[in-house]
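The values are calculated or read from the model by the stated rules, or taken from the named source; none is laboratory data. Fair warning: this is a prediction, and the values are worked out from it, not measured in the lab. With ideal geometry, Cβ positions are generated from the backbone for all residues, glycine too; neighbour counts draw on all protein chains shown.
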Amino acid sequence: MPDRRCETAPALTGPQWSQLTRLPGKDELFALDLFAREAWATLTQQLGEQGAYGFAQQAALMWVRPDAVAAGSARQVLAAMHAAGFRPLAAQPVHVDRCGVRALWAYMCRWATVERLWLLDALAALGPGLLVLWADDTGHEASARLTALKGSNAPGRRAGEKGESLRDIAGSPNRLLTMVHAADEPADVVRELGVFCPWPQRRALVADAARNLAEGGCCELQDALAAVEEELPPLGIPAPGTAVPAASDLVTGPLGHRWAALWAASCQWPLLTVNPGPAAWPEQESRTPWR
């Protein structure tokens, strides 16, 4: 008789995604998304189903990106989060590779040029960023308030924020070097835990964060950031240049050379395509980066 144990193993299921997203159509996509389902499995194993829903709704996810570390503004970003009433629950240095870049922005790159993807790959190759889970002690939904605080990826759209957005504080110069990434809503918190962390690291991160969330505690960020900076030391803002970098400059040579080439290319290479790809869910049809 054939061994049928694999056919009867528990399925890698997910939640009612409509409880974790406000966007019609997004719930259907996330129900099929392997990163989202995998991370939900970690949350339910650690916290139970109701605990998983509560965690996704109460925790905000931020990746202080390698460009913020290289620019020397990561500490200002973390200080601004404390000042805004967020409490750090858990943190890990995190690398993102080329496949991770595409996974992280899989649903959001419909306007991206191929050049933009190359630049994001070069950014990720600089070194790690710092992944932080936060609680919002003001009583609001943590991910929604963090998304608002983060600010637009286009500097011109931040004019009404009076320089108070995290991306302004970090010194983001354009829509490529945005310095700070944040999960937009609870569904994204779940999915991005699956993108950023493999099983063992995700389990440890969730356990630490859930404990601090329940006990009103916080994690120590300075040691985690020091581990990131040991691999990717702050380099500062590169001096302005006029030459358009070659693609090879982004991936060869010393770290400082690659950082300067990335900064220059982000200001000179095309980042938006005129003809976007298909929208992932209906709400995206109304979005345009041109205004």
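When the criteria are applied in full, GLU115 meets the requirement of being under 24 Å from LEU272 (Cβ atoms), at pLDDT 95 or above and among the acidic types (Asp, Glu).
Picking from residues in segment 202-231 that are closer than 18 Å to ARG65 by Cβ and not small (Gly, Ala, Ser), the one that is surrounded by the fewest Cβ atoms within 10 Å (Cβ to Cβ) is GLU230. The set of residues from segment 11-60 being on the phi < 0 side of the Ramachandran plot, free of Cβ contacts under 8 Å to residues at least 24 places away in the same chain and of a type in the set (Gly, Ala, Ser) comprises ALA11, SER18, ALA31, GLY54. The set of residues from segment 67-84 being outside any helix (DSSP H, G or I) and not polar (S, T, N, Q) comprises GLY72, ALA84.
State yes or no: is LEU34 hydrophobic (A, V, I, L, M, F, W, C) and under 27 Å from SER152 (Cβ atoms)? Before the answer, list the steps.
Values: hydrophobic (A, V, I, L, M, F, W, C): yes; under 27 Å from SER152 (Cβ atoms): no.
Against the criterion (hydrophobic (A, V, I, L, M, F, W, C) and under 27 Å from SER152 (Cβ atoms)), LEU34 does not qualify.
Do the conditions hold for ASN174, that is, is it over 22 Å from GLN57 (Cα atoms), out of contact with any helix residue (DSSP H, G or I) (no Cβ under 7 Å at 6 or more places or on another chain) and assigned to a loop (DSSP other than H, G, I, E, B)? So ASN174 does not fit the description; no.
Candidates are the residues of segment 72-95 that are touching a helix residue (DSSP H, G or I) at 6+ places or on another chain (Cβ under 7 Å) and among the small types (Gly, Ala, Ser); the one that is farthest from ASP136 (Cα to Cα) is SER73.
Taken over segment 38-64, the residue count meeting the criterion of being buried (at least 23 other Cβ atoms within 10 Å of the Cβ) and outside any strand (DSSP E or B) is 6. Could you tell me whether segment 65-78 includes any residue that is crowded, with 19+ Cβ neighbours inside 10 Å, closer than 30 Å to LEU235 by Cβ, at pLDDT 95 or above and of a type in the set (Asp, Glu)? Yes, because at least one residue in segment 65-78 is crowded, with 19+ Cβ neighbours inside 10 Å, closer than 30 Å to LEU235 by Cβ, at pLDDT 95 or above and of a type in the set (Asp, Glu).
The helices (runs of 4 or more DSSP H) falling completely within segment 177-271 that include 3 or more residues that are free of Cβ contacts under 8 Å to residues at least 12 places away in the same chain map to 199-215, 221-231. Pairing residues of segment 135-158 that are without any contact (Cβ under 8 Å) to a residue 12 or more places away in the chain with residues that are among the small types (Gly, Ala, Ser) and surrounded by fewer than 20 Cβ atoms within 10 Å (Cβ to Cβ), at Cβ distances under 6 Å and at least 6 apart in sequence or on separate chains, gives ARG158/SER152.
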